[in-house]
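Trainee: Just dropping this structure here.
Derivation of every value follows stated rules applied to the coordinates shown; laboratory data play no part. As the structure is a prediction and not an experimental result, all values here were calculated from the model. Here the Cβ positions follow ideal geometry from the backbone for every residue, glycine too, while neighbour counts run over all protein chains shown.
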């Protein structure tokens, strides 16, 4: 059976809003970037993420115009040494909360286009498996 133009339009008007809320069901809070030293080519970002939806959500990539590349990493201790591992994706079950914090999971912001300085705000976009995205503002903080 071939769908008429009207039926296709109705179908898309129902499906597109459903897909558009998928990445939005990932609630990102406490987003901040540690101010890097002036000559540094990398910075680290931290946040809390919670799936407030009823379906599993998968963050597949993170991008920002601030840097050449943004990726997710996790730090673990192996043989008494800290090691960083790249995370391909972040899976969140319904109501699951994860914490990206110093000495644990974090964002690596590589190759800043301009220096990342305290009191600035950097927009970082989280992309989900379904193709939707959510922009999040990260505050740059100076820590000692």
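Trainee: Listing 34, 81, 69 from the residue with the fewest other Cβ atoms within 10 Å to the one with the most, what is the order?
Mentor: Going from sparsest to densest Cβ surroundings: 81, 69, 34.
Trainee: Label residue 85 and residue 142 with points 7 Å out from Cα along Cα→Cβ: what is the distance between them in nm?
Mentor: Distance between label points: 3.7 nm.
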